[in-house]
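The values are calculated or read from the model by the stated rules, or taken from the named source; none is laboratory data. None of these values were measured; they are calculated from a predicted model. In this analysis, Cβ positions are derived from the backbone assuming ideal geometry, glycine residues included, and neighbour counts consider all displayed protein chains. SASA here: full protein model, heavy atoms, side chains in, ligands and nucleic acids out. Shrake-Rupley method; radii C 1.70, N 1.55, O 1.52, S 1.80 Å.
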Amino acid sequence: MVNKISVLGCGWLGLPLAKSLVSKGYSVNGSTTSADKTEMLQSEGIEPFLLQLKPDLTGNNIEDFFSSKILIINFPPGRRDDVISYHTKQIEAIIHFVEKSPVKKIIFASSTSIYKSVNKTLTEADDVPAESQTGEALKIAEQILMANKNFNTAVLRFGGLIGKGREPGKFFAGRKDIPNGSAPVNLIIIDDCINIIHKIIEQDVYGEIFNAVADEHPTRSEFYTAAAERQNLPVPEFIDALSEYKIISNKKLRQKLNYTFIYPDPLKWINTNW
C-alpha cells in the first residue's frame, strides 16, 4: 500500500502521469469515465477503474480505487452554469470515500485561473478574485481539501498546460485583431507538471499551495506567433497593447522543492521536438 497511488482522472495529464509513476515502481490505480479506455490502462500496467462524478461518485469497486496512501485528484471542473456548486459536490463526494479509506495524502491539480488579472506579480499569499466561475470553483475546492484534518493536501496551481496533444500553435492560428498582445503568458509544459508531482511525493511535501508555471513569461503575441510558425499554421495577428495582465510567481515552488524547471522558457520549448 505504501507504494500504491490512486490517480483520479487519467486524461491528458493524468495518463502520462500514471504511466510515469508505474515506471518508477509504484502500483497505480487509475480512473477513467470511458469504458473504452480500461483495456488501454491495463496494458500500461495501471489498474483501471470506471468511475463517474455526476456529482456523486459512482462505479464498481470504488473502495478498491481508494486503497492507497496517496490520491491525486486531476480533473477539471465542467463547463456548466452551476459549476461552483456542482464541483463542490464532486469534491465532497470524493472526500466521503477518502475519509473511509487508507488515503492520508492528496495532491490536487488546481489552476492559476484562481487569480484574476490584477496587473501585478502574484504569489500564493495573494487573495484576489478568481478569473472565472471555474476558477472560483477551484478556489473553493482547494479550501475544502486544505481544511480537512483527516488527510494532508498539496495544491498545485498549474499555469496554462501545453505539450503533445495540446500544441499551442492551434490556439490562435489565423485569428486577427486579438487583444492584449503584450500581456505576459503563464504556462507550464507537461513534463514539468509530472516532474513536480514526483518531487511532491518524493520529498513528502504536503500542507502547501504551489504556483506551478515556467520561469519565463513571453508575451502572448511573441509566444503564440512563434508556436503557429513552428506548426506551419496561419500566423495570428495581435493588437500590440497591454490592457490587463498577471505574472504568476513560481518562487515558492523553486525554493521549497529545490526545483529546476526542465523547460523554464516556453519560447525555447517551442523549438524542441513536440
| message | When the residues of region 163-183 are narrowed to those that are under 24 Å from K116 (Cβ atoms) and open to solvent by less than 60 Å² (accessible area, probe 1.4 Å), which ends up nearest to the chain's Cα centre (by Cα)? | response | P168
| task | Can you run down the residue pairs with Cβ atoms below 9 Å, 6 or more apart or on separate chains, where the first is in region 69-90 and farther than 15 Å from V7 by Cα and among the basic types (K, R) and the partner is at pLDDT below 95 and not in a loop (DSSP other than H, G, I, E, B)? | result | none
| note | Of the conditions (1) open to solvent by 40 Å² or more (accessible area, probe 1.4 Å); (2) out of contact with any Asp or Glu (no Cβ under 6 Å at 6 or more places or on another chain); (3) assigned to a loop (DSSP other than H, G, I, E, B); (4) not charged (D, E, K, R), the single one that Q255 does not satisfy is (3)
| task | Confirm whether E222 is acidic (D, E), over 17 Å from the mean Cα position of the chain (by Cα) and within 23 Å of N119 (Cα to Cα). | result | yes
| note | Among the residues of region 258-274, the number that are open to solvent by less than 40 Å² (accessible area, probe 1.4 Å) and assigned to a loop (DSSP other than H, G, I, E, B) is 3
| said: Can you report the number of residues in region 221-235 which are open to solvent by less than 50 Å² (accessible area, probe 1.4 Å) and either touching a strand residue (DSSP E or B) at 6+ places or on another chain (Cβ under 6 Å) or without any contact (Cβ under 8 Å) to a residue 40 or more places away in the chain (or both)? | reply: 2
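Is region 103-121 home to any residue that is among the charged types (D, E, K, R), modelled with pLDDT under 95 and either under 30 Å from D265 (Cβ atoms) or surrounded by 22 or more Cβ atoms within 10 Å (Cβ to Cβ) (or both)? Steps first, please.
Restricting attention to region 103-121, the residues satisfying the condition of being among the charged types (D, E, K, R) are 104-105, 116, 120.
In the following step, the residues that additionally are modelled with pLDDT under 95 were identified as none.
No; the residues of region 103-121 include none that is among the charged types (D, E, K, R), modelled with pLDDT under 95 and either under 30 Å from D265 (Cβ atoms) or surrounded by 22 or more Cβ atoms within 10 Å (Cβ to Cβ) (or both).
For region 184-217, which residues satisfy the criterion of being part of a loop (DSSP other than H, G, I, E, B), buried (at least 19 other Cβ atoms within 10 Å of the Cβ) and either touching a Leu at 6+ places or on another chain (Cβ under 6 Å) or on the phi > 0 side of the Ramachandran plot (or both)? Write out each step before concluding.
Our first condition is that a residue be part of a loop (DSSP other than H, G, I, E, B); within region 184-217, this holds for 185-186, 204-207, 213-217.
Now narrow it down to the ones that are buried (at least 19 other Cβ atoms within 10 Å of the Cβ): 185-186, 213-214, 217.
Answer for region 184-217, where residues must be part of a loop (DSSP other than H, G, I, E, B), buried (at least 19 other Cβ atoms within 10 Å of the Cβ) and either touching a Leu at 6+ places or on another chain (Cβ under 6 Å) or on the phi > 0 side of the Ramachandran plot (or both): just A214.
Go through region 1-16 and give me each residue that's buried (at least 19 other Cβ atoms within 10 Å of the Cβ) and under 22 Å from E63 (Cα atoms). Quick ask: steps written out before the conclusion?
Just the residues of region 1-16 that are buried (at least 19 other Cβ atoms within 10 Å of the Cβ), to begin with: 5-10, 13-16.
Correct list: I5, S6, V7, L8, G9, C10, G14, L15.
Restricting attention to region 131-161, report how many residues are open to solvent by 20 Å² or more (accessible area, probe 1.4 Å) and in a loop (DSSP other than H, G, I, E, B). Full working, then the answer.
If we filter region 131-161 for residues that are open to solvent by 20 Å² or more (accessible area, probe 1.4 Å), which is where we start, we get 131-134, 136, 139-140, 143-144, 146-150, 152, 160-161.
Among the residues that remain, those that are also in a loop (DSSP other than H, G, I, E, B) are: 131-132, 148-150.
Count: 5.
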| When both residues are 6+ apart or on different chains and their Cβ atoms are under 7 Å apart, which pairs have a first residue that lies in region 49-67 and is more than 15 Å from K37 (Cβ to Cβ), and a second that is open to solvent by less than 20 Å² (accessible area, probe 1.4 Å) and β-branched (V, I, T)? | L57/I94; F66/V98; F66/V103
| Candidates I248, I239, filtered to the one that is β-branched (V, I, T), at pLDDT 95 or above and surrounded by fewer than 16 Cβ atoms within 10 Å (Cβ to Cβ) | I239
